[in-house]
């Protein structure tokens, strides 16, 4: 690995940092999703909605406060602050919950763009160096040119590998974020319809 880093030139070290950052973010996000799946309790949300539909808002609030489900948490906050504006309270609670799902995604998005550019920069600087050697040796060592080009291309390959590796979890995490947003929006609409029906 160290030999590969040396062959790729000085740009390989920033690429190594970017790759470590990518792995760290992906592992943390996967751990977050596993933990969140363990805390999910769709039954709590159903119970909350059922109690609300029966006009037992106080009991629904109490049930929501005891839940570890993120949808139930958002509903509880919104119902507890509906005096000012239910829609605004629910939007605020939803944004807070979605912010937890969104954490780390901007970093992966940056890595997907930055890694190939760093690799390309390494290739360009490597080629400049190779042609400089060729000029100094006046075509006496053509292997210096081909070897230099091969080394320069290592940086591009490394950058592309990092970007592709980051792209898959980025899309997966984005899909989970959209799923969470859809669940929150659907449940918020249900609460709004229940309260409107009850004239609350």
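Just so it is clear, none of the values below were taken in a lab; they were calculated from the coordinates. Everything numeric in this text was worked out from a predicted model, so none of it was measured.
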*asked:* When only alpha-carbon atoms are used, what values of Rg and Dmax, in angstrom, describe the range 1-104?
replied: 21.5, 70
*Send over the semi-axes of the range 12-54's equivalent ellipsoid, whole angstrom and largest first, taken as the square roots of 5 times the C-alpha gyration tensor eigenvalues.*
42, 8, 4
